[in-house]
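Nothing in this text is a laboratory measurement; each read-out follows from the coordinates by a stated rule. This is a predicted model, so every value here is computed, not measured. For neighbour counting, all protein chains shown are included, and Cβ atoms are generated from backbone atoms with ideal geometry for every residue, glycine included.
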Amino acid sequence: MSQSFLKSTDFTRDEAAALFHLTAELKARRGKGHIEPLNGQTWAMLFHKSSTRTRISFEVGVHELGGHPMILDPNSLQLGRGESVEDTARVMSRYLHGIIIRTYEQALLDQFDHAGSIPVVNALTNELHPCQIYTDAFSLIERWSEPGKADLASLAGRQICFVGDCASNMAHSWILASALFGIQLHLTGPKAYQPLPFVADLLKDAGLEPTWSFSDDAKAAVEGSDMVYTDVWVSMGDEDEKEQRLRDFMPYQVNKALMSVAKPDAYFMHCLPAHEGEEVTAEVLKDPRSIIFDQAENRLHTQKAILAGLADPSLLR
């Protein structure tokens, strides 16, 4: 079975360090000659959830790495008529070189990975969003490293605060990444939206110690942070809870007052799309410290490095 990327801890720290160097190289070389470890390969993309950045960046990325991206409509597959995930994975493994899946339950990816024999990439589930977290880490690394370097060690000891729904896929992924990368992570939101217990099991499985804390006091959590992060309050699948969530999370809006207690040079990040006036104000989104569109661009470069590393593990040694 090939290595897959289902969660942030599926790469070791050394592999992640090499992956970020590769990301910087791919970004610098774009349009100047490609690294093509996917040459002659076909990678499928199976999306049960709508997408803009993830869909476009992966499709372009597979192409630029020399491969052919195949977009699969879940409604036209036999999966939609009751064929098992396991049988689908076994069949697709005979045709494809890898598959990128964006879906609801993490269990579907785990089933596909267990039954199949090709790399599976998690392009988002309800529980985790590892490609986004690696992108976010790279976006900070390229700012905090010495010029011309992409040094993972530049994250060590940094204080990052995630504000909002701490039971979300982004908060869970930050918990895993913070332990792997040596980040001090502060989570803040309503007490009813704390991280789910499965994340502690994933850290234990990876042999990592938690480096996160939770507080329902937003200002105390954000104080002194090097970066402040938020995400939408109503994720795909939570629409029925919209009114309740808007009431619960309004005290955790990232606005000028909240950003003022972070470090003066603290960055603001958001994985987008943003709901202006809900989880974040227009003033913060447009502030010079906001690097949201650099994050969006870096999805392409980071995901290319992830795909390249899965196709040719020697690139991460």
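Quick look at the values:
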{"read-out": "The chain - mean residue ellipticity at 222 nm from DSSP helices (-39,500 (n - 2.57) per run, n ≥ 4, rounded to 500)", "value": "-12000 deg cm²/dmol"}
{"read-out": "Which of 99, 9, 298, positive extreme of dipole for the chain (C-beta unit charges)", "value": "298"}
{"read-out": "Rounded to whole Hz, the Karplus (6.51, -1.76, 1.60) HN-Hα couplings of the stretch 68-75, x for glycine and proline", "value": "10, x, 10, 8, 9, 8, x, 6"}
{"read-out": "Signed unit charges on C-beta, dipole axis of the stretch 137-262, positive-most listed residue 234, 257, 196", "value": "257"}
{"read-out": "Distance histogram for the stretch 3-115 (every C-alpha pair counted, 10 angstrom bins, percent rounded to whole numbers)", "value": "12, 39, 37, 11, 1"}
{"read-out": "Cα centroid of the stretch 266-317 to Cα centroid of the stretch 24-40, whole Å", "value": "19"}
{"read-out": "Trypsin sites (Lys or Arg not before Pro) restricted to DSSP loop in the stretch 31-88 with at most 13 other C-beta within 10 Å", "value": "32"}
{"read-out": "Fewest-first ranking of 181, 47, using other Cβ atoms within 10 Å as the exposure measure", "value": "47, 181"}
{"read-out": "Tilt relative to the chain, helix 130-144 - C-alpha long axis, 0 to 90 degrees, to 10", "value": "60"}
{"read-out": "Given charges at Cβ of Lys, Arg, Asp, Glu: the stretch 135-191 dipole, positive-most of 155, 186, 175", "value": "186"}
{"read-out": "Neighbour net charge for residue 140 - beta-carbon separation under 15 angstrom, K R +1, D E -1", "value": "-1"}
{"read-out": "Length released on extending from residue 153 to residue 84, taking residue separation times 0.36 nm less the Cα-Cα span", "value": "20.5 nm"}
{"read-out": "Rotationally averaged projected area of the chain (alpha carbon convex hull; nm²)", "value": "15.7"}
{"read-out": "Cα gyration tensor category, rounded, prolate or oblate, for the stretch 132-295 with a/c compared to 1.5", "value": "oblate"}
{"read-out": "Kirkwood hydrodynamic radius (C-alpha pairs) into Stokes-Einstein, the stretch 6-67, 20 °C and 1.002 mPa s, D in µm²/s", "value": "160"}
{"read-out": "Note, ³J(HN,Hα) from phi for the stretch 39-46, Karplus 6.51, -1.76, 1.60, rounded to Hz, x at Gly and Pro", "value": "4, x, 9, 10, 10, 8, 10, 10"}
{"read-out": "3J(HN,Hα) from dihedral phi, the stretch 55-64, Karplus parametrisation 6.51/-1.76/1.60, rounded to Hz, x for glycine, proline", "value": "4, 5, 5, 6, 5, 5, x, 4, 4, 5"}
{"read-out": "Pairs beyond 21 Å (Cα-Cα), from 191/256; 7/204; 204/263; 7/304", "value": "191/256; 204/263"}
{"read-out": "Charge dipole magnitude, Cβ of K and R +1, D and E -1 - the chain, Cα centre, debye nearest 20", "value": "760"}
{"read-out": "Residue order, fewest to most surrounding Cβ atoms within 10 angstrom, among 100, 291", "value": "291, 100"}
{"read-out": "Order of 68, 172 - criterion: other Cβ atoms within 10 Å of each residue's Cβ, fewest first", "value": "68, 172"}
{"read-out": "Cα-centred dipole magnitude for the stretch 64-209, charges only on beta-carbon of K, R (+1) and D, E (-1), debye, nearest 20", "value": "180"}
{"read-out": "Angle between the chain longest axis and helix 85-95 axis [Cα atoms, degrees, rounded to 10]", "value": "60"}
{"read-out": "Helix 169-181 axis, angle to the chain major axis (alpha carbon atoms, nearest 10°)", "value": "90"}
